[in-house]
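Shown next, in structure tokens, is the structure this report addresses.
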Amino acid sequence: MRFGWVAPDLEPTRLVLLRHGQTPLSVERRFAGRGDIPLTEQGHEQARAAARRLAPWPIDAVVSSPLRRTRDTAAHVARELGLPVEVDEGFVETDFGDWEGMTFAEAQRAAGEAVDKWLADPEVAPPGGESFAEAAARVGAAREALVERHTGRTVLVVTHVTPIKAVVQQAMLAPLGALHRMFLETACLTEVDCYADGPMVVRSLNDTAHLDGTAAGPA
């Protein structure tokens with residue numbers, strides 16, 4: 001793996017990471033993991049805005065998490081681009097287990113000690129759920145397989161908060177604790193270049209320019 005200012009010797013595979021649009025749980029800032037919740041009407045409008053933004057981009061493939069909120073977001077963009085949607089289980093959201101559908105305050109009231117341990121250690125999972133360390137390893141494997149399938153292409157990946165943060169964390173060679181130091185709006189765009197000889201480069205993070213007329217928040 002190369003470091004510093006040495007230019008990679010191959011054209012990168014560019015990942016354009018799109019977080020799904022607004023959902024009822026994101027409005028209330030509730031844990032939304034594996035629950036198959038729909039987009040709100042604003043979420044659909046955000047997805048349509050992202051589709052318009054991405055229409056002129058040289059995107060070669062569209063990949064989506066299997067959950068409804070990502071598949072519906074991906075459908076708007078894929079329709080604009082005239083591309084099929086490839087579903088990839090590896091980019092599904094973290095499983096929040098017993099905390100699914102709760103607010104952070106509700107989870108703290110129900111299991112304060114467990115929440116504190118989860119916040120302090122990415123190896124700790126919510127009760128019945130998946131740790132951030134497990135999720136990041138899963139996403140890393142999915143990313144590597146995706147880059148192998150689409151080497152040198154530009155791929156739109158419609159996914160969730162944790163997978164996007166994990167890709168950025170891995171690109172930056174940051175510790176897993178960095179996942180708690182990033183904020184992503186609904187329907188935001190993040191770009192990461194993946195080079196065949198090892199390095200990854202973050203080109204943008206939480207880009208919401210296309211949401212100016214659609215009210216980006218709450219996430």
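Any read-out appearing in this document is the output of simple, stated calculations on the displayed coordinates, not a laboratory observation. All of these numbers come straight from a predicted model, not from anything done at the bench. Cβ coordinates were reconstructed from backbone atoms using ideal geometry, including for glycine residues, and neighbour counts include every protein chain displayed.
Structure data summary
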{"item": "Selection within segment 120-136 - surrounded by fewer than 13 Cβ atoms within 10 Å (Cβ to Cβ) and not in a loop (DSSP other than H, G, I, E, B)", "result": "Ala120"}
{"item": "Checking Val63 against (1) part of a helix (DSSP H, G or I); (2) hydrophobic (A, V, I, L, M, F, W, C); (3) under 16 Å from the mean Cα position of the chain (by Cα), the condition it does not meet", "result": "(1)"}
{"item": "Tabulated pairs, segment 143-158, first farther than 23 Å from Pro56 by Cα, second assigned to a helix (DSSP H, G or I), C-beta under 9 angstrom, 6+ apart or interchain", "result": "Arg143/Gly90; Arg143/Phe91; Arg143/Pro163; Arg143/Ala166; Arg143/Val167; Arg143/Gln170; Ala145/Gly90"}
{"item": "Members of segment 110-130 that are in contact with a Pro (Cβ under 9 Å, 6 or more places away or on another chain) and touching a residue at least 24 places away in the same chain (Cβ under 8 Å)", "result": "Pro122"}
{"item": "Matching residues in segment 90-105 - criterion: being in a helix (DSSP H, G or I) and touching a residue at least 24 places away in the same chain (Cβ under 8 Å)", "result": "Gly90, Phe91, Gly97, Asp98, Trp99, Phe104"}
{"item": "Some residue of segment 132-141 being out of contact with any strand residue (DSSP E or B) (no Cβ under 6 Å at 6 or more places or on another chain) and touching a residue at least 60 places away in the same chain (Cβ under 8 Å)", "result": "no"}
{"item": "Flag for Gly177 being surrounded by fewer than 23 Cβ atoms within 10 Å (Cβ to Cβ), out of contact with any helix residue (DSSP H, G or I) (no Cβ under 8 Å at 6 or more places or on another chain), outside any helix (DSSP H, G or I) and not β-branched (Val, Ile, Thr)", "result": "no"}
{"item": "Single unsatisfied condition, Val158 versus (1) of a type outside the set (Phe, Trp, Tyr); (2) touching a helix residue (DSSP H, G or I) at 6+ places or on another chain (Cβ under 9 Å); (3) exposed (fewer than 14 other Cβ atoms within 10 Å of the Cβ)", "result": "(3)"}
{"item": "Considering residues of segment 50-71 that are out of contact with any Ser or Thr (no Cβ under 8 Å at 6 or more places or on another chain), within 17 Å of Leu189 (Cβ to Cβ) and of a type in the set (D, E, K, R) only, the residue surrounded by the most Cβ atoms within 10 Å (Cβ to Cβ)", "result": "Arg53"}
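To keep it simple, each residue is scored yes or no on (1) crowded, with 18+ Cβ neighbours inside 10 Å; (2) not in a helix (DSSP H, G or I).
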residue	(1), (2)
Gln108	no, no
Asp116	no, no
Leu146	yes, no
Gly198	no, yes
